[in-house]
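Novice: Sharing a structure with you now.
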Ligand code: GCO
Ligand code: MG
């Protein structure tokens, strides 16, 4: 009998040196400023790795996917075998892709990278090729219900060090608009947290024609006030048809945007051909995508300029790295998703990747609140507009169980939109 097929099961294909076998995998749910789902993997030797599995408004489905279906498969596997574990989880489920599956796989992937880097005694970015830059340019979220509030919010971000700023404002005739804080917080910040703790999603209203008329006037005012240099970004949040997006891109050209984000829902990748034919405003897409296949046409036909996926929703560092390497061949850069619903673990993973890749573009940085920062202790720095993941081993994040226990899960939903006539619209 040939001996090239020894008697092995998938999990002991190359038996782990005992110390690196996975001893436990725990699914941790906490709700300091908002809900977060975290996977904590521990090896026999006691090395601990963390992964973010937070899917805004659908948190418990990922927690269940992990604890019911993934954790039992992890026990005893060699924590070093990141790629094999990724392929095993992706292919052995048979049912592929989707945000729940890919967030669960991402959590495992990131926790295993954290463990590998801790065993190596290095910050994670060193295992991804080392630093390609000294700092990671970040953009913050400015918003206001009117121009004076918006200008205040932009100035506040500039005082904090932000050099690049996303601009979102209210639109006359619309009551609640994505990205705009209802009122300034006690600290004077115009913080915006879209998910609301409630048993039902909040209903918001929308009028695309009013939006298209108003937004160019806002960018004109911002350019007049803040000058030509500051990189300005804007998020259309999937609400336009291709021809509407084309018009907005064209109308915004005089104001030299860094990017226009999610101008259409983009499940139909070919729709971006039409937008691209009409405008040179750079386009960013992908925060709701979860695999490289969602980018196939967008990248190959150079229909976008920035990849917006999060490490957390795209199968982790291993998978997002592959998407970004694919994009790099077409001069498309990264713009990794970093809202508050990406936990500090997911943010840290993004920062290590940002530092290592060549085709870095910009990093979204929507700061977490004090309670969240007490649960997740972090080593990253933010100075003069640039983030850095720090020099601690692994991701550089630790999870405080005592702090987390103070904040039990609370049901929360993202809002949804209706048009004036009651039709449900993309939010
Ligand atoms: C962004 C996003 C977020 C999303 C949020 C949904 O560009 O940061 O659009 O604000 O709305 O992540 O959970
Ligand atoms: Mg967005």
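The values are calculated or read from the model by the stated rules, or taken from the named source; none is laboratory data. Just so it is clear, the model here is predicted, and its values are computed rather than measured. Every residue, glycine as well, gets a Cβ built from its backbone with ideal geometry; the counts of neighbours run over all protein chains shown.
Novice: Got a number for residues in region 296-321 being without any contact (Cβ under 8 Å) to a residue 60 or more places away in the chain, surrounded by fewer than 24 Cβ atoms within 10 Å (Cβ to Cβ) and touching a helix residue (DSSP H, G or I) at 6+ places or on another chain (Cβ under 6 Å)?
Specialist: Residues meeting the conditions: 2.
Novice: When the residues of region 322-340 are narrowed to those that are more than 14 Å from the chain's Cα centre (by Cα) and surrounded by fewer than 23 Cβ atoms within 10 Å (Cβ to Cβ), which ends up farthest from ligand 2 (Cβ to nearest atom)?
Specialist: Going through the qualifying residues, I end up with 329.
To keep it simple, each residue is scored yes or no on (1) assigned to a helix (DSSP H, G or I); (2) under 24 Å from residue 88 (Cβ atoms).
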| position | (1), (2) |
| --- | --- |
| 273 | yes, no |
| 277 | yes, no |
| 288 | no, no |
| 297 | yes, no |
| 303 | no, no |
| 321 | yes, yes |
| 327 | yes, no |
| 334 | no, no |
| 342 | no, no |
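Novice: Against the conditions (1) in contact with a helix residue (DSSP H, G or I) (Cβ under 9 Å, 6 or more places away or on another chain); (2) away from ligand 1 (no atom under 16 Å from the Cβ), where does residue 343 fall short? Just the number, please.
Specialist: (2)
Novice: Something else: Any residue in region 87-100 that is crowded, with 18+ Cβ neighbours inside 10 Å and over 21 Å from the mean Cα position of the chain (by Cα)?
Specialist: Yes, region 87-100 contains at least one residue that is crowded, with 18+ Cβ neighbours inside 10 Å and over 21 Å from the mean Cα position of the chain (by Cα).
Novice: I need the full set of residues from region 359-403 which are within 16 Å of the chain's Cα centre (by Cα) and not in a loop (DSSP other than H, G, I, E, B), in order please.
Specialist: Correct list: 362, 363, 364, 387.
Novice: If residue 194 meets every condition in (1) assigned to a loop (DSSP other than H, G, I, E, B); (2) over 23 Å from residue 369 (Cβ atoms) apart from one, which number is that one?
Specialist: Checking residue 194 against (1) assigned to a loop (DSSP other than H, G, I, E, B); (2) over 23 Å from residue 369 (Cβ atoms), the one that fails is (2).
Novice: On to the next question. Would you point out which residue out of 396, 390 is more than 16 Å from ligand 2 (Cβ to nearest atom), at pLDDT 95 or above and under 23 Å from residue 28 (Cα atoms)?
Specialist: Within the list 396, 390, the selection yields 396.
Novice: Could you tell me which residue of region 71-86 is surrounded by the fewest Cβ atoms within 10 Å (Cβ to Cβ), considering only residues that are touching a strand residue (DSSP E or B) at 6+ places or on another chain (Cβ under 7 Å) and in contact (Cβ under 8 Å) with a residue 60 or more places away in the chain?
Specialist: Residue satisfying both the conditions and the ranking: 76.
Novice: So, of the residues in region 138-150 that are in contact with a strand residue (DSSP E or B) (Cβ under 7 Å, 6 or more places away or on another chain) and within 17 Å of residue 226 (Cβ to Cβ), which turns out to be surrounded by the most Cβ atoms within 10 Å (Cβ to Cβ)?
Specialist: 142
Novice: Same structure, new question: Need pairs with beta-carbon distance below 8 Å; first residue under 13 Å from residue 304 (Cβ atoms) and in the same structural domain as residue 211 (by TED's automatic domain parsing) and within region 257-275, second within 13 Å of ligand 1 (Cβ to nearest atom) and at pLDDT below 95; sequence gap 6+ or separate chains.
Specialist: Between residues of region 257-275 that are under 13 Å from residue 304 (Cβ atoms) and in the same structural domain as residue 211 (by TED's automatic domain parsing) and residues that are within 13 Å of ligand 1 (Cβ to nearest atom) and at pLDDT below 95, the close pairs are 272/266.
Novice: Quick check on this structure: which one of 256, 262, 251 is in contact with a strand residue (DSSP E or B) (Cβ under 8 Å, 6 or more places away or on another chain) and more than 16 Å from ligand 1 (Cβ to nearest atom)?
Specialist: Of the residues listed, the single one that is in contact with a strand residue (DSSP E or B) (Cβ under 8 Å, 6 or more places away or on another chain) and more than 16 Å from ligand 1 (Cβ to nearest atom) is 256.
Novice: Also, I was wondering about something else. Residues in region 54-70 that are buried (at least 19 other Cβ atoms within 10 Å of the Cβ) and over 23 Å from residue 196 (Cα atoms): how many?
Specialist: 3
Novice: Just to verify a result, which residue in region 198-256, among those that are in a helix (DSSP H, G or I) and out of contact with any helix residue (DSSP H, G or I) (no Cβ under 8 Å at 6 or more places or on another chain), is farthest from ligand 2 (Cβ to nearest atom)?
Specialist: Only one residue tops the list, namely 224.
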